[in-house]
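Have a look at the structure below before the remarks.
The values are calculated or read from the model by the stated rules, or taken from the named source; none is laboratory data. Only a predicted model underlies this, so the values are computations on that prediction, with no experimental measurement involved. Every residue, glycine among them, receives a Cβ derived from its backbone with ideal geometry; neighbour counts consider all protein chains shown. Remember, those area values only see protein heavy atoms, side chains included, never the ligands or the DNA or RNA. Shrake-Rupley method; radii C 1.70, N 1.55, O 1.52, S 1.80 Å.
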Amino acid sequence: MIYWEDFDFNELPDIEAIKGNKQNYYLNSDFAVDIEVSSFYHEGQKRAYPYIMMVNMCGNIIYCRYLTELYEIFQRLKDRYKLSYRRRILMFIHNLSYEFQFFRDICNFTEVFARTRLKPMKCFDLNSCIEFHCSYTISGLKLSNLAKNLKSVKIEKLDGDEYDYKLIRHSETPLTEMEMKYCEHDVLILHYWIQEEISKNEGKITKIPLTQTGYIRRECRDYIFNNTNRGKYKYMIKKCTPSTDCFICLHKAFAGGDTHANYIHVRSEVKNVASFDFASSYPAVMVKCKYPREFKKVDVMSTGMFENMIEKKACVFKIAFDKIEAKRHHHTLSVSKCETYNRKTLVVDNGRVVKGECITTYMTDVDYKDFVKFYDFEGRQIIDFYYSEYEYLPTPFVEYILELFKNKTELKGLKGELEEALYMKSKQHINGLYGMCVTNIANENAVFTDKWEKYPELTIEEEYKHLTDVLEEYKNGYGSFLLYQWGVWVTAWARHFLRETIMKIEDNSDELDGFVYCDTDSIKMTDYEKHLKIINDYNAQNEIDMRKAMDYHGIVEDRFKAKTVKGEIKVLGNWEFEEESFATKFKTLGAKRYMYTTVATSQPEEYHLTVAGLNKKKALPYIIEHGGFRFFKKGMRIPPDYTGKSTHSYIDEYYDIDVIDYLGNVSNCQAYHYIHLEEQEYNLSIATQFEKFLKDTTISGEPIENRVKLFRTGAMSTGGHFA
C-alpha cells in the first residue's frame, strides 16, 4: 500500500469505457474505496473522525490520512481518465450508507438512489464524476464472508479484535504494520471481488446489478422470456397486474413467515426437543401450489356465496369480526395486521391476538381457511372482495426453480472451481426467489438533495394517483415479468403448510403441548417419534402434489428430487429431521429468542443461541459464564462489549476541536457530517401485555418435570376438553 503522494497517477493503465444506461460510459475496471473511523465523546458530545482512507485503482492500492487528500485523489483520477458527467468511474464501497455520510464533506452528491432514508445503494459525485455503488447490497455478505467466497484468490479479512476499534486515532496517529495491513486487506478484498463480478457479468462492469436480487431477477426473466412466447407472456402480465384498489388490498393482506413460540413452554426448560425443516419452503410452494392471475371485484351477497368462493377461487378481502377467540395454543393473527381492534378487550400472546372485539383485517382465502381452524368468531362482515381463478405459475418459471434446487443439492460439497461457483450461484438464487417475488413495485424511494428529505405529505387523492401511475408504468414495463399477488400467496401457502403440521402435532399430544416453537420453515417439537407419522404423511402428500404439478407442466416426473454428494435423495418441500439440532434442553422467551444445548457423540454439551439483536458468538460465552439457562430470562443484561450491537448516530453538526489519541498525540480535527458508532448494551424485556397473558393463562416458568398437569382455561384448549 503506497502513500498517495508517492504514487504516479500517470502509471495507471488506459481503460476502455463501455456504455451503461442513460447514455453514460464507465471505465471497465475495478475501483474501490474504504475508510477507518474513530468514534469518541468530546465534552459530552458524540463525534467521529476518519483517520485513514484506502483506494484501490485497478489493483494499485494507495492511502491517505485526510478527507481533503481523498478529494485530491478523486480529482487526480478525474484528470487522468478525463472523466465527465457522461464518462465515469464506477467505484465500490462496502456499506455505502456509512461512507456516504462522511463523503458529504468532500463530494457533491446527486442521482442518489435509496429505498429508505440514510441507506443509499448508489450515488454520483459531481465534483469527481465518480459513481459509487454499494458492494454489500450486491453481495449480501459482510466483508469477512465476502473474502471467504472469493474463487480467484485466498485472502482473509484480518481480525478486527486485534485491531481494537475502541482506541481513539486521528490523522496524526502513527499506525503499526499490522494496522496498515488490516486497512489494506479491506480494500484488497474488494479489488478481487470486483474482478470476479466483472468476469461473471460478460466482462462488463456495467452489467453488475445494484442488489443481490438483481442477479436472480435478470437471469429468471431471461430464462422465462427465452422459453416462452414473449408477446403472450407480456400480455398476461399487463392483463393481470392488479388495479389500484386491488393492489392496496393485496398489500395489506401480505404477511411474512410464522415465527412464534407455544406460550405454555415460554420461560421453561424443555427437554429433548427435535427440529424439522422444510426443504426450501418458498421454492417448494412456488412449484406445487396454484396462484391467482387476474382479479375481479364482486359484492358478497350471502354466506353461501362467500363460502363457495373461498372454496373454489383465489380470494383476497377485507373482513371485520365482532368478536374472536383462540381455540388452540398456537395463535396466528398478528396484531400488526389488524386495522382496527378494541384495546380494552384485546388479549395478546407475544404480538398475536388471543381474543378481541371489533377486529378488522385483510386475508387471502388460504389465510381464512387457517384462521377458522385456530379461532372461533362471532359476527363477520366482508367489506371488499376480489377473486381470481387459480393457476400454476408459468412453466418456464417452475423449470427455473427446479434447476436451481437440483444444482444446489447436487453440487453442495463438490470440489472444483466450476462446481463451487455453480453451487454458490444456485444457493444465492434459490434463497433470493422469495425476495424477488414479494418486491413491492409501489415502494417510494428516499429523496436526497443536499440532505435527506422527509417523504412529502400527500393527500389521499395524491397517494392514490401516484400508486395508479406506478402500476400503469409497471404493467407496460419492458422488463416486468412477475405479479405482486404471486408473492402474497407464496408466504400464505408456506404459512398454511407449517400451521397444518403444528395443528396436527397439537392434536396428537397428550396435553396439546408437543409443539414448542416455529420459525417460517422450521418446527420444534417434543416426543418427535410419536409425531413421525404426521411428518411422513405430509411428505407423502407433498410428493403427490409435486407430481401433479410436474404432470401439468409436462416436466419429467422426478425433477423435484435431487441427489446429494452422499447419494441421499432430497425432495423439494419435504420435512427433514435436523439431527444436529436435536436439543437436549431448549428454552424460549418468545419469537427469535431461544437458547438450547446439543450433545454430539463423545462431545461435551454445546450451547446455541438465537436472539434478535445479539451477536451469538460474543453474547453466548457471557451468558454461559453467568448461569446459562438460569441467566437467560427477563431482565438479562448483556454489557456493550459482549452484544456485537452498535448504535449508529447520523450527525450533521460542525466541530473544530483538538483530539488526543490513545498514544497522547494531539491533532486538530474538523467535520461537518459523520456517524458516531457506539457499542450498545442489551436488556431482555418482555412486553407487559405478553407477560400478563402468560401469568393469567398458564403456569409458566416452572420446569416441565415439575408440572403434574398443565393448567388451562376452557378458552385456551380445544373445546374445553382440558379445562
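Hey, could you check region 450-476 for residues that are without any contact (Cβ under 8 Å) to a residue 12 or more places away in the chain and within 26 Å of the chain's Cα centre (by Cα) and say which is surrounded by the fewest Cβ atoms within 10 Å (Cβ to Cβ)?
Selected residue: K454.
For Y63, state whether it is closer than 30 Å to Q680 by Cβ, part of a strand (DSSP E or B) and in contact (Cβ under 8 Å) with a residue 24 or more places away in the chain.
Details: closer than 30 Å to Q680 by Cβ: no; part of a strand (DSSP E or B): yes; in contact (Cβ under 8 Å) with a residue 24 or more places away in the chain: yes.
Criteria not met by Y63.
Residues are listed down the side, and each one gets a yes or a no for (1) modelled with pLDDT under 95; (2) acidic (D, E); (3) touching a Phe, Trp or Tyr at 6+ places or on another chain (Cβ under 7 Å):
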| position | (1), (2), (3) |
| --- | --- |
| Y85 | no, no, no |
| R88 | no, no, yes |
| L96 | no, no, yes |
| F100 | no, no, no |
| C107 | no, no, no |
| F113 | yes, no, no |
| R117 | yes, no, yes |
| C123 | no, no, yes |
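Write out, first by first residue and then by second, each pair whose Cβ atoms fall under 9 Å of each other, whose residues are 6+ apart or on separate chains, and whose first residue, in region 289-305, is closer than 29 Å to I237 by Cα while the second is among the acidic types (D, E) and assigned to a strand (DSSP E or B).
K290/E391; Y291/E391; P292/E391; R293/E391; K297/D384
Does L433 count as open to solvent by less than 30 Å² (accessible area, probe 1.4 Å) and either among the hydrophobic types (A, V, I, L, M, F, W, C) or assigned to a loop (DSSP other than H, G, I, E, B) (or both)?
On the way: open to solvent by less than 30 Å² (accessible area, probe 1.4 Å): yes; either among the hydrophobic types (A, V, I, L, M, F, W, C) or assigned to a loop (DSSP other than H, G, I, E, B) (or both): yes.
Considered against the rule, which asks whether it is open to solvent by less than 30 Å² (accessible area, probe 1.4 Å) and either among the hydrophobic types (A, V, I, L, M, F, W, C) or assigned to a loop (DSSP other than H, G, I, E, B) (or both), L433 comes out as yes.
The rows are residues; the columns are (1) over 31 Å from the mean Cα position of the chain (by Cα); (2) surrounded by 12 or more Cβ atoms within 10 Å (Cβ to Cβ); (3) under 25 Å from T598 (Cβ atoms).
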| residue | (1), (2), (3) |
| --- | --- |
| Y622 | no, yes, yes |
| E625 | yes, no, yes |
| F629 | no, yes, yes |
| Y642 | no, yes, yes |
| I651 | no, yes, no |
| D656 | yes, no, no |
| S667 | yes, yes, no |
| E681 | no, yes, no |
| Q689 | no, yes, no |
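Residues are listed down the side, and each one gets a yes or a no for (1) touching a helix residue (DSSP H, G or I) at 6+ places or on another chain (Cβ under 8 Å); (2) modelled with pLDDT under 95:
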{"residue": "E578", "(1), (2)": "no, yes"}
{"residue": "K587", "(1), (2)": "yes, no"}
{"residue": "Y594", "(1), (2)": "no, no"}
{"residue": "T598", "(1), (2)": "yes, yes"}
{"residue": "T601", "(1), (2)": "no, yes"}
{"residue": "P604", "(1), (2)": "no, yes"}
{"residue": "L614", "(1), (2)": "no, yes"}
{"residue": "F631", "(1), (2)": "yes, no"}
{"residue": "K634", "(1), (2)": "yes, yes"}
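Scan region 308-325 for residues that are charged (D, E, K, R) and either open to solvent by less than 80 Å² (accessible area, probe 1.4 Å) or farther than 15 Å from D367 by Cα (or both) and jot them down. Quick ask: steps written out before the conclusion?
Taking region 308-325 as the starting set, the residues that turn out to be charged (D, E, K, R) are 311-313, 318, 322-323, 325.
K313, K318, D322, K323, E325 - these are the residues of region 308-325 that are charged (D, E, K, R) and either open to solvent by less than 80 Å² (accessible area, probe 1.4 Å) or farther than 15 Å from D367 by Cα (or both).
Give region 588-605 a look and list any residue that's surrounded by 22 or more Cβ atoms within 10 Å (Cβ to Cβ) and farther than 16 Å from F690 by Cβ, or say none.
Residues satisfying the conditions are M595, Y596.
Can you tell me which condition P120 does not meet? The list is (1) under 15 Å from K451 (Cα atoms); (2) exposed (fewer than 15 other Cβ atoms within 10 Å of the Cβ); (3) not aromatic (F, W, Y), and all the others hold.
Of everything listed in (1) under 15 Å from K451 (Cα atoms); (2) exposed (fewer than 15 other Cβ atoms within 10 Å of the Cβ); (3) not aromatic (F, W, Y), P120 misses just condition (2).
Taking the stated definitions as given, is D8 open to solvent by 20 Å² or more (accessible area, probe 1.4 Å) and either within 26 Å of T647 (Cβ to Cβ) or in contact with a Gly (Cβ under 7 Å, 6 or more places away or on another chain) (or both)?
no
Can you tell me which condition E357 does not meet? The list is (1) within 21 Å of D519 (Cβ to Cβ); (2) without any contact (Cβ under 8 Å) to a residue 40 or more places away in the chain; (3) in contact with a strand residue (DSSP E or B) (Cβ under 7 Å, 6 or more places away or on another chain); (4) not basic (K, R), and all the others hold.
Only one criterion is unmet by E357, namely (1).
Six or more apart or on different chains, Cβ atoms under 6 Å: show the pairs whose first residue is in region 331-353 and touching a residue at least 60 places away in the same chain (Cβ under 8 Å) and of a type in the set (A, V, I, L, M, F, W, C) and whose second is part of a loop (DSSP other than H, G, I, E, B) and surrounded by fewer than 20 Cβ atoms within 10 Å (Cβ to Cβ).
That search, which allows pairs on different chains as well, returns nothing.
Using beta carbons and a limit of 8 Å, which pairs, at least six apart or on different chains, have the first residue in region 399-413 and at negative phi and among the polar types (S, T, N, Q) and the second one modelled with pLDDT under 90 and in a helix (DSSP H, G or I)?
Qualifying pairs under 8 Å: N407/L422; N407/Y423; N407/K425; N407/S426.
May I ask you to verify whether T395 is among the β-branched types (V, I, T), at pLDDT 95 or above, open to solvent by less than 70 Å² (accessible area, probe 1.4 Å) and more than 28 Å from M121 (Cα to Cα)? Steps first, answer last, please.
Working: among the β-branched types (V, I, T): yes; at pLDDT 95 or above: yes; open to solvent by less than 70 Å² (accessible area, probe 1.4 Å): yes; more than 28 Å from M121 (Cα to Cα): yes.
For T395, the condition - among the β-branched types (V, I, T), at pLDDT 95 or above, open to solvent by less than 70 Å² (accessible area, probe 1.4 Å) and more than 28 Å from M121 (Cα to Cα) - is met.
Only one of (1) open to solvent by 20 Å² or more (accessible area, probe 1.4 Å); (2) within 30 Å of K692 (Cα to Cα); (3) of a type outside the set (S, T, Y); (4) more than 27 Å from the chain's Cα centre (by Cα) is not met by G613, so which one is it?
Against the list (1) open to solvent by 20 Å² or more (accessible area, probe 1.4 Å); (2) within 30 Å of K692 (Cα to Cα); (3) of a type outside the set (S, T, Y); (4) more than 27 Å from the chain's Cα centre (by Cα), G613 comes up short only on (4).
Restricting to region 326-341, count the residues that are open to solvent by 50 Å² or more (accessible area, probe 1.4 Å) and either in a helix (DSSP H, G or I) or out of contact with any Phe, Trp or Tyr (no Cβ under 7 Å at 6 or more places or on another chain) (or both). Walk me through it before giving the result.
First, the residues of region 326-341 that are open to solvent by 50 Å² or more (accessible area, probe 1.4 Å): 327, 336-337, 339-341.
Then drop every residue that is not either in a helix (DSSP H, G or I) or out of contact with any Phe, Trp or Tyr (no Cβ under 7 Å at 6 or more places or on another chain) (or both), which leaves 336-337, 339-341.
Adding up the residues that qualify gives 5.
Which one is nearest to Y362 (Cα to Cα) among residues in region 252-278 that are out of contact with any Phe, Trp or Tyr (no Cβ under 8 Å at 6 or more places or on another chain) and open to solvent by less than 10 Å² (accessible area, probe 1.4 Å)?
The qualifying residue nearest to Y362 (Cα to Cα) is D258.
Output the number of residues of region 359-381 satisfying the condition of being surrounded by fewer than 18 Cβ atoms within 10 Å (Cβ to Cβ) and of a type in the set (A, V, I, L, M, F, W, C).
Total meeting the criteria: 2.
Can C129 be described as open to solvent by less than 20 Å² (accessible area, probe 1.4 Å) and at positive phi?
Working: open to solvent by less than 20 Å² (accessible area, probe 1.4 Å): yes; at positive phi: yes.
Yes, satisfied.
Output the qualifying pairs, or none if there are none: Cβ atoms under 8 angstrom, residues six or more apart or on different chains, first residue in region 198-225 and surrounded by 15 or more Cβ atoms within 10 Å (Cβ to Cβ), second residue part of a helix (DSSP H, G or I) and among the polar types (S, T, N, Q).
Partner pairs satisfying both residue conditions: T211/T137; Q212/T137; Q212/S139; Q212/Q428; Y215/Q428; I216/Q428.
Would region 28-49 turn up any residue that is among the small types (G, A, S), in contact (Cβ under 8 Å) with a residue 12 or more places away in the chain, closer than 23 Å to Y136 by Cα and open to solvent by 10 Å² or more (accessible area, probe 1.4 Å)? Give the steps one after another, and end with the answer.
Of all residues in region 28-49, those among the small types (G, A, S) come to 29, 32, 38-39, 44, 48.
So of that shortlist, the ones also in contact (Cβ under 8 Å) with a residue 12 or more places away in the chain come out as 29, 32, 38-39, 48.
Now restrict to residues that are closer than 23 Å to Y136 by Cα: 29, 32, 38-39, 48.
If we keep only those that are open to solvent by 10 Å² or more (accessible area, probe 1.4 Å) too, we end up with 29, 39.
Yes: region 28-49 contains one or more residues that are among the small types (G, A, S), in contact (Cβ under 8 Å) with a residue 12 or more places away in the chain, closer than 23 Å to Y136 by Cα and open to solvent by 10 Å² or more (accessible area, probe 1.4 Å).
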